[in-house]
Amino acid sequence: ELIPSANDKQTQYDALCASLAVASRVANIIDEKGFVTAGVVDEWSQVYGEAISLWALCYWQLTLHFGDVPFGNENKLVTEYGLTSRFVIIDNIIDELKRVEGMMYVMGEGGITTPERITRTFANALIGEIALHAGGWQTIRTDVEGLYGDVQFEKKGVEANGCVYARRTDWMEYIKVAEDYLTRAITTHIGD
């Protein structure tokens with residue numbers, strides 16, 4: 001089936017939300033226990049970085065496939081929530097990945113010899129991919145007043161059905177981040 005049914009999309013959404021909740025909980029437990037020592041890359045910082053990277057990957061997939069979604073509600077009892085701008089989410093997950101990528105091993109370090117673990121290289125590539133998308137053209141909503149806050153856009157085509165094709169006017173800043181982190185992933189932190 002080329003076009004997934006609504007039920008398949010719901011299953012994907014639910015699985016991503018469940019995964020990010022688990023990743024968030026693991027990261028919170030490691031943080032609360034004080035297992036990560038600033039400036040030290042070890043098994044705990046690696047697992048912490050993996051948990052944050054998985055959390056970021058899940059939010060990235062949610063925004064990539066569903067656009068503007070609720071954000072920051074994992075592991076909380078929430079009775080009412082609204083949409084969060086994909087650009088707020090993207091900025092948050094890029095910042096979190098930048099914060100933890102230096103706490104992680106590259107392939108070949110710390111006993112990580114297979115791609116079954118999330119490495120610093122993966123986190124660098126993920127930052128690059130997210131930033132590249134954030135700086136590109138995409139369909140944005142126009143039917144929710146104030147959803148994108150102060151973000152300014154260049155638009156192509158005409159607005160239709162509550163959306164328009166657009167990109168941020170500060171798109172080049174994201175492209176520079178993408179270039180930096182993709183270069184790190186393929187040259188600096190490629191591992192053994």
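Here are some notes:
- Kyte-Doolittle mean at least 0.0 and Cα axial length at least 20 Å: DSSP H helices in the chain: 43-66, 86-101, 120-134
- Scalar couplings 3J(HN,Hα) for the stretch 104-112, obtained by applying the Karplus form with A = 6.51, B = -1.76, C = 1.60 to θ = phi - 60°, are 10, 7, 8, 3, x, 9, x, x, 8 Hz; x denotes Gly and Pro.
- Close amide H partners of PHE153, meaning residues 5 or more places away or on another chain with modelled amide H under 5 Å apart, are THR169.
- Most fluctuating residue given options GLY135, GLY157, GLY149, as computed from a GNM of the chain linking Cα atoms under 10 Å: GLY157
- In this structure, the amide hydrogen of CYS163, modeled 1.01 Å from its nitrogen in the peptide plane, lies closer than 5 angstrom to those of THR142, counting only residues at least 5 positions away or on a different chain.
- Alpha-carbon centroid distance for the pair the stretch 89-166 / the stretch 28-64, whole angstrom: 17 Å
- Among (i) 9, 31, 34, 20, 5, 0; (ii) 9, 34, 34, 15, 6, 2, 0; (iii) 9, 33, 28, 13, 10, 6, 1, the entry that matches P(r) over Cα pairs in 10 Å bins from 0, in percent as calculated here: (i)
- Separation of the GLU154 and THR169 label points, Cα + 7 Å toward Cβ, nm: 1.2 nm
- Using the Karplus relation 6.51 cos²θ - 1.76 cosθ + 1.60 with θ = phi - 60°, the per-residue 3J(HN,Hα) values for the stretch 147-154 come to 4, 9, x, 8, 5, 9, 10, 9 Hz, with x marking Gly and Pro.
- Of all the options THR84, THR37, THR121, the one that moves most in a Gaussian network model of the chain with Cα springs shorter than 10 angstrom is THR37.
- Overall, the anisotropy analysis places the stretch 19-58 in the oblate class: the square-rooted eigenvalues a ≥ b ≥ c of its C-alpha gyration tensor yield a/c not less than 1.5, with a/b not exceeding b/c.
- Charge dipole magnitude, Cβ of K and R +1, D and E -1 - the chain, Cα centre, debye nearest 20: 180 debye
- With all protein chains modelled, accessible area of VAL47 [1.4 Å, Å²]: 50 Å²
- Helix content alone sets the calculated 222 nm mean residue ellipticity of the chain: runs of n ≥ 4 DSSP H residues at -39500 (n - 2.57) each, divided across all residues, give -17000 deg cm²/dmol.
The values are calculated or read from the model by the stated rules, or taken from the named source; none is laboratory data. Please read all numbers here as calculations on a predicted model, not as lab measurements. All Cβ positions, glycine included, derive from the backbone under ideal geometry; neighbour counts span all protein chains shown. Side chains are part of the model used for accessible areas, which takes the heavy atoms of the whole protein and leaves out ligands, DNA and RNA. Shrake-Rupley method; radii C 1.70, N 1.55, O 1.52, S 1.80 Å.
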